[in-house]
Amino acid sequence: MNSNFNLVKKLLVYSIITTLSALSSIAQEKTPDNKRVERDARRQDRRIKIDNLIRQQEEGALVFNKQNVFGFRLNTDGWSMIFEKGYLKNAKVTNLFALEFGEKKHPKEKRISFGQVAGGIAQFSTPYIFGKQNIFYQLKPTIGQQRMFGGKTNRNGVAVHAIYSGGISLGIERPYYVSVYTASNNESRDIKYSQADSAVFLTPGNIIQGTGFRYGWREMKFVPGVHAKFAMRFDYGRFNELVSAIEVGLNFEAYSREINIMVPVQGITPGASRTFFNSYIAIMFGKRK
């Protein structure tokens with residue numbers, strides 16, 4: 001039994017010595033010279049990568065990992081603001097994720113205001129839109145792609161991109177209020193359009209002024225829908241790290257029910273609609289990384 005114990009003891013000692021020798025060899029391989037070689041190799045790889053990026057930029061490619069872009073759009077039927085994040089897929093294609101908020105206007109809207117002079121000071125009433133029934137906002141999450149057709153030939157050139165995207169659209173109807181004067185009881189009150197007040201609401205002589213942003217927030221109604229757009233973006237930014245662009249495009253929206261922006265008046269304003277089509281121009285600015 002003692003002989004077996006001695007054999008196990010010798011094997012254990014041998015294993016420990018072998019392990020320590022292996023660790024010592026690994027440590028010796030990581031000499032300062034070897035570390036210096038590895039560090040120089042990493043620097044060389046980084047230098048090659050930077051040189052490739054510079055060459056691609058000189059050839060007109062916009063090389064980046066991601067971009068953050070803000071924009072303001074003037075639509076043929078309103079306005080909107082947009083925030084967009086882009087992630088480079090390859091030298092030509094960028095995946096886009098955006099969030100847009102805007103307000104849709106009716107082509108028959110006309111802002112009216114009254115003015116008077118009191119004590120030598122001109123006073124103006126709060127403007128209002130005659131016949132407006134609802135203010136219609138849209139919140140639109142968007143997924144799409146940006147595809148480059150023409151890169152910058154130099155720093156002062158223009159990069160041309162095609163953009164196609166779409167997603168859901170959350171429509172928000174907010175009732176529109178005006179202040180009216182009722183001669184029968186000699187008082188003023190703030191009203192929205194309803195069947196009971198339709199005659200007062202649609203008589204211009206009864207309206208004193210608009211009510212601004214005070215009313216309608218607790219009466220908002222949500223209308224789901226979808227949207228899609230196609231656009232061309234012209235990036236004229238002098239430096240590739242910055243986004244300075246003009247975008248022109250077409251936009252389509254469809255909602256689950258008809259939207260009443262104006263009160264339908266035969267021969268003056270058409271009825272409600274559930275689909276909208278517009279063109280737009282936008283100013284975009286941002287930064288690439």
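The values are calculated or read from the model by the stated rules, or taken from the named source; none is laboratory data. The model shown is predicted, which means the values in this text are computed figures rather than measured ones. FYI the Cβ positions are ideal-geometry reconstructions off the backbone, even for glycines, and counts take in every protein chain you see.
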Failed criterion for residue 173 (all others in (1) touching a Phe, Trp or Tyr at 6+ places or on another chain (Cβ under 9 Å); (2) within 30 Å of residue 234 (Cβ to Cβ); (3) not in a loop (DSSP other than H, G, I, E, B) hold) | (2)
Answer with yes or no whether residue 229 is basic (Lys, Arg), assigned by TED's automatic domain parsing to the domain that holds residue 79 and closer than 30 Å to residue 146 by Cα.
-> yes
Only one of these is polar (S, T, N, Q) and modelled with pLDDT under 85: 146, 116, 138. Name it.
-> 116
Across region 83-101, what is the total count of residues that are under 9 Å from the mean Cα position of the chain (by Cα) and of a type outside the set (D, E, K, R)?
-> 5
From the list 97, 101, 124, 72, which one is modelled with pLDDT of 90 or more and exposed (fewer than 15 other Cβ atoms within 10 Å of the Cβ)?
-> 72
List every residue pair whose Cβ atoms sit under 9 Å apart, with the two residues 6 or more apart in sequence or on different chains, where the first one lies in region 187-211 and is in the same structural domain as residue 129 (by TED's automatic domain parsing) and within 14 Å of residue 129 (Cβ to Cβ) and the second, anywhere, is basic (Lys, Arg) and in a strand (DSSP E or B).
-> 193/132; 201/192; 210/111
Unique residue being part of a helix (DSSP H, G or I), exposed (fewer than 14 other Cβ atoms within 10 Å of the Cβ) and of a type in the set (D, E, K, R) when the list is 257, 214, 218 | 218
